[in-house]
Amino acid sequence: MKTNTKTIKKKLKEIEEIQRGCGKNTEFYHGLTLKEKDFWKCGEYMTQKRVYCERCDERITDLKNALKLIGEKMKILDIGCGSKKVEVEGAEVIGLDFYDKTQADVICNLEDGKLPFKDNEFIGVYAKHSLEHIRNILPIIDEMWRVVKHRGIIKIWTPYFASSLAHSSLDHVTKIFTYTTFYPYREEDPTHHRWHPTTFKIKAQYNWSGHHGLKTIGKFISFIINKIPRIYQRLFCFVIPCEEIYFELEVVK
């Protein structure tokens, strides 16, 4: 049976009544209650998650179709998109870059510390090996938080500070990315008051190089060091340096 706009709005109203009536800790995204919080798959592609009614666990429709029917667009910002923007099914991807000979929709010098977008405009940000090229990095972190909706996801890949990759190019001007780089942005961190209101829930993961026929070994080493991330960073990061570190920042507003 095809779900129309009227039916979706009715279901959303039911969900809101449940939230007010029973006080359940229901998670919302664009007013839709979700069973799953992760909107990304494989670090690059968005999955089509299902939308449910908390009362009867009834599926309303795919998130993508629901947002389309109620007039919302899923927008993702690709910072440093270069010659190829990330492809996300069902979403509008806005590419941003410093150079005009790229796939960028917006040309912007991030050293100015500003993103030319409205508050809460995006559901997520994709930044793959771009932040290490920015000197004025702190205002950009605040700006990413500003333009992403509550519970949106910011995904970042960058060279690990101890790797040769971090020092492999003259335009790698920020080489400070470690497992704990974004810890001050956590609510529970004792220094968080200095960074407020910018707040994230943070996941970090080491990626050891799997190039030159070392893919299996790379996966094994990555598995081990991600089991002991703080010990690795304190004692072994210069002995067996991983090439890349990945961050997933969930926006809290």
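Quick look at the numbers
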item	result
Hits in segment 200-222 - residues which are at pLDDT 85 or above and of a type in the set (S, T, Y)	Y206, S222
Some residue of segment 88-98 being modelled with pLDDT under 95 and more than 19 Å from the chain's Cα centre (by Cα)	yes
Search result, residues across segment 155-175 that are within 18 Å of G113 (Cα to Cα), modelled with pLDDT under 95 and among the hydrophobic types (A, V, I, L, M, F, W, C)	V173
Residues within segment 100-125 that are β-branched (V, I, T), over 26 Å from K253 (Cβ atoms) and surrounded by 15 or more Cβ atoms within 10 Å (Cβ to Cβ), tallied	1
Subset of segment 194-251 [touching a Pro at 6+ places or on another chain (Cβ under 9 Å) and under 21 Å from Y183 (Cα atoms)]	R194, W195, A204, Q205, Y206, E243, E244, I245
Any chance R135 is in contact (Cβ under 8 Å) with a residue 12 or more places away in the chain, part of a strand (DSSP E or B) and either at positive phi or surrounded by fewer than 20 Cβ atoms within 10 Å (Cβ to Cβ) (or both)	no
Only one of R194, R230 that is assigned by TED's automatic domain parsing to the domain that holds R146, surrounded by fewer than 17 Cβ atoms within 10 Å (Cβ to Cβ) and more than 22 Å from G124 (Cα to Cα)	R194
Test: residue in segment 233-242 that is crowded, with 20+ Cβ neighbours inside 10 Å, touching a residue at least 24 places away in the same chain (Cβ under 8 Å), outside the structural domain of L115 (by TED's automatic domain parsing) and under 22 Å from the mean Cα position of the chain (by Cα)	yes
Test for G152: is it within 27 Å of I76 (Cα to Cα) and either surrounded by 15 or more Cβ atoms within 10 Å (Cβ to Cβ) or at pLDDT 90 or above (or both)	yes
Odd one out for F220 among (1) touching a helix residue (DSSP H, G or I) at 6+ places or on another chain (Cβ under 7 Å); (2) exposed (fewer than 15 other Cβ atoms within 10 Å of the Cβ); (3) without any contact (Cβ under 8 Å) to a residue 12 or more places away in the chain	(1)
Subset of segment 157-176 that is more than 18 Å from E111 (Cα to Cα) and not in a loop (DSSP other than H, G, I, E, B) - its residue that is farthest from the chain's Cα centre (by Cα)	H167
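The values are calculated or read from the model by the stated rules, or taken from the named source; none is laboratory data. Everything quoted here is computed from the prediction, not taken from an experiment. Positions of Cβ are backbone-derived with ideal geometry, glycine not excepted, and every protein chain shown enters the neighbour counts.
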